[in-house]
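Notes for the one structure printed next.
The values are calculated or read from the model by the stated rules, or taken from the named source; none is laboratory data. What you see is a predicted model, and the numbers here were worked out from it, not measured in a lab. Methodologically, a virtual Cβ is constructed for each residue, glycine included, from the backbone with ideal geometry; neighbour enumeration extends over all protein chains shown. The accessibility values were calculated without ligands, DNA or RNA, using every heavy atom of the protein model including side chains. Shrake-Rupley method; radii C 1.70, N 1.55, O 1.52, S 1.80 Å.
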Amino acid sequence: MVVLDIDPNADGEESVDALIAEYGPLPDTPVVLTGGGGRHLYFRHPGGNLPNSAGHLGPGLDVRGDGGFVVAPPSRHVSGRRYEWEASVHLEDVPLAAVPSW
């Protein structure tokens, strides 16, 4: 798996919107709502080496690939809120999409 971590407190939503404007919509793929108010988008690993990055795609966007990790549901965030699968794109109901080319 590869995870795109979107942090709205660091302009992540604006960065995703800019990528969508340039490259088109994101595919349907499982999504976790994070305890900090962000999102984790889960994608199928493309093979080869896909390194982790922080801010490379834009402010507030981190990629977790080979050797990376994310906090998963139902873990509790320091805020007290839990990480939760987004109901309409739950891992059990939606297959992992291919990672976007960008």
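Laid out as a table, the results:
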quantity: Within the chain, helix-based [θ] at 222 nm, where runs of 4 or more DSSP H residues each add -39,500 (n - 2.57), nearest 500; calculated: -3500 deg cm²/dmol
quantity: Förster-model FRET efficiency, 35 Å R0, residue 22 and residue 72, C-beta, rounded to 0.05; calculated: 0.75
quantity: Per residue, in Å², the accessible surface of the chain once ligands and nucleic acids are set aside, probe 1.4 Å; calculated: 57 Å²
quantity: Phi to ³J(HN,Hα) by Karplus 6.51 cos²θ - 1.76 cosθ + 1.60 over the range 49-55, Hz, x for Gly, Pro; calculated: 10, 10, x, 6, 8, 10, x
quantity: log10 of Debye I(q)/I(0), alpha-carbon scatterers only, for the chain at 0.12 Å⁻¹; calculated: -0.36
quantity: Contact order relative to length of the chain, as percent, for alpha carbon pairs under 8 angstrom and 6 or more apart; calculated: 37 percent
quantity: Estimated translational D of the range 48-102 in µm²/s (Stokes, Kirkwood radius over Cα pairs; 25 °C; 0.890 mPa s); calculated: 181 µm²/s
quantity: Packing rank of 36-45, 89-98, where each peptide gets the mean count of other beta carbons within 10 Å, highest leading; calculated: 36-45, 89-98
quantity: Apportionment of accessible area to carbon and sulfur, the chain, percent (1.4 Å); calculated: 52 percent
quantity: Karplus-derived HN-Hα couplings along the range 78-90 (A = 6.51, B = -1.76, C = 1.60, θ = phi - 60°), whole Hz, x at Gly and Pro; calculated: 4, 6, x, 7, 9, 6, 9, 5, 5, 4, 7, 9, 6
